[in-house]
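Reading through the structure tokens given below for one structure.
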Amino acid sequence: MPHAGMPDLIARAHQHGGRTAIVDCSGTYTYDDLLKVSAKVAATLLAGRDDLREERIAFVIAPGLPWVAVQWGIWRAGGIAVPLPLGCPWAELEYYVEDTQASAILCDAANEAAPAPAKASGRRVLLYDEAVAAQPGPLPQITSPRRAMILYTSGTTSRPKGVVTTHTNISAQIASLVDAWEWSPEDRILLCLPLHHVHGIINVVSCALWSGAVCEMLPRFDAEIVWERIASGELTLFMAVPTIYVKLIAAWENAPADRRARWSDGAARLRLMVSGSAALPVTTLERWRDIAGHTLLERYGMTEIGMAISNSYRGNRIPGSVGRPLPGVAVRLVDEGGDEVWPGKPGEIEVMGSSVFQEYWGKPEATREAFRDGWFRTGDTAVLDGGVYRILGRSNVDILKTGGHKVSALEVEEMLREHPAIAECAVVGVPDAEWGERVGAAIVTRDSVVLELDELRVWAKERIAGHKVPSRLLILEALPRNAMGKVTKPAIRGLFEEHS
């Protein structure tokens, strides 16, 4: 094997050679360029040693060739990559650096100030320009079971936990998506997501580079720039979170008619558009379909498992559903005792496969608690309905227990968004002595619309049966906005009467 002893993602780059790999604000770079620059980063980190032996290396770098070169350089030197979020105060970054006991921090010139306190305390801090000044040298043999990356996930309890993935895990996560979404060297994708989460790192950048495709990398999201790139006709894929699609919809609606037409025509030429990382409101999906001609492909994943479930690339996509398990991923739904539930009954999602992470960094007890008989316990509740999975929410946050029934906050939100006066809402459980919890909804109205609670009660009563949500809804006052359009404080205002 000509490129044995290196991570699969990097080994595959040798096959693509002079093809364009990355386009960023500074220029266009080939796979050969990426290999050469990452080898220099590796040499700098090694500093004459033969292997970093899983030292943790943190980095604060804007999206672009430098970000990928540093990630790959860390891997090629035998280290564990710890990508940090941009724009955070040192107090937040310090937690990640101290928790991983990172031996060095790399940053670009734009983010040089972020780790300055670390340098003052004696920790090694390197500028990107310094890191690429070394001449490439011998590199260690990297085996797939080695730890590769630590990403931080806050979950819903305690302080953020470091999710450790191996090169085996990362390869499995990438290969599964490349297979399911039919990536090819002819693809071109635009990155406008942050690079300290799985969505941007694996689904966009790594899948593109695994496939020999082109990844355009924006330093930050800008709706006008994204629309212009979509309209160019050069992209084949686009992936984003629901919030980005909402912003793109708003930009389209505010644009003149000729620009709208050009943007929509460009979007229709893409072969795939994906939404993830949060629940996609059906209203957003439908509006995007009207504008762009695409039914967004929804999928389900998390930091610990990469992607596990996805709607079909070629088949029908059911709004509100995330589809079926991806290739190489096993999924089951279980009750609180760990027994599998029948289709149609809610249960916690558990996942098994080579894509599942190895451990929470430095937290063996939390790691043990996260697994049951080899299955990772996601903490998310779903129902298998018509052969596809529908996410109901986080088991301990979005699943409310009222009057002995489990209610999905996401489903209640979906119902409320159908009201023409409601722009957005958030549903939470409100403690109640009689019912255990009532379902509270904070509501943001559209523009200057005044929402009458009596009218909302009547409207909701008519829709409750069809949405399988309880009629016991405690409604918070529609959130008033100030002159700048910002939401101000809510106040508890009314109570749905019992209608069942």
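Read-outs throughout are calculated quantities, based only on the coordinates presented, and are distinct from any laboratory measurement. Since the structure is predicted, the reported quantities are computational estimates derived from the model, not experimental observations. Cβ sites come from the backbone with ideal geometry, for glycine too, and all protein chains shown count toward neighbours.
Stokes-Einstein diffusion coefficient for segment 130-268 at 20 °C in a medium of 1.002 mPa s, Rh from the Kirkwood formula over Cα pairs: what value in µm²/s? Show your work: numbers first, answer last.
Values: Rh = 17.5 Å.
This corresponds to a translational diffusion coefficient of 123 µm²/s.
When the helices of the chain are scored as -39500 (n - 2.57) per DSSP H run of n ≥ 4 and the total is divided over every residue, the value at 222 nm lands at -8500 deg cm²/dmol.
For Leu218, the residues 5 or more places off, or on other chains, whose built amide H falls under 5 Å of its own are Leu191. The count of lysine pairs in the chain that are at least 8 places apart or cross chains, and whose C-alpha atoms lie under 20 Å apart, stands at 9.
If you bin all the Cα-Cα distances of segment 8-143 at 10 Å, starting from zero, the percentages per bin are 13, 44, 33, 9, 0.
Under the combined filter of DSSP loop state and at most 14 neighbouring Cβ atoms within 10 Å, segment 22-109 retains these GluC sites (Glu not before Pro): Glu54. For Ser121, Ser171, Ser264, the sequence from fewest to most other C-beta atoms within 10 Å is Ser121, Ser264, Ser171. Simple spin-label estimate for Glu462 and Glu369 gives 4.7 nm between the two label positions (7 Å along the Cα-to-Cβ direction from each Cα). Projecting label points 7 angstrom from Cα along Cα→Cβ for Arg394 and Thr153 puts them 1.2 nm apart.
Its Cα gyration tensor gives the chain an equivalent ellipsoid, and the semi-axes of that ellipsoid, as √(5λ) in whole Å with the largest first, are 41, 26, 23.
Between Asp51 and Glu336, what length in nm is gained on full extension when 0.36 nm per residue of separation is reduced by their alpha carbon distance? List each step's numbers first, then the result.
Working: separation 285, 0.36 × 285 = 102.60 nm, distance 4.51 nm.
Stretched out fully, the Asp51 to Glu336 stretch lengthens by 98.1 nm.
In this structure, Ala426 and Thr295 have a Cβ-Cβ separation that, at R0 = 25 Å, corresponds to a calculated FRET efficiency of about 0.50.
Computed on the Cα trace of segment 238-388, the radius of gyration divided by the Kirkwood hydrodynamic radius gives Rg/Rh = 1.06. Cβ crowding within 10 Å ranks Asp447, Asp32 as Asp447, Asp32, fewest other Cβ atoms first. Annotation: the antiparallel percentage among DSSP beta bridges lying fully within the chain is about 65. Of the complete DSSP H runs in the chain, none spans 27 angstrom or more by Cα along the long axis with a mean Kyte-Doolittle score not below -0.5.
One decimal place: the segment Tyr313-Asp129 gains 62.1 nm when fully extended, by the rule 0.36 nm per residue minus the C-alpha distance. Each residue, His14 and Glu224, gets one label point 7 Å from its Cα in the Cβ direction; the gap between the two is 4.6 nm.
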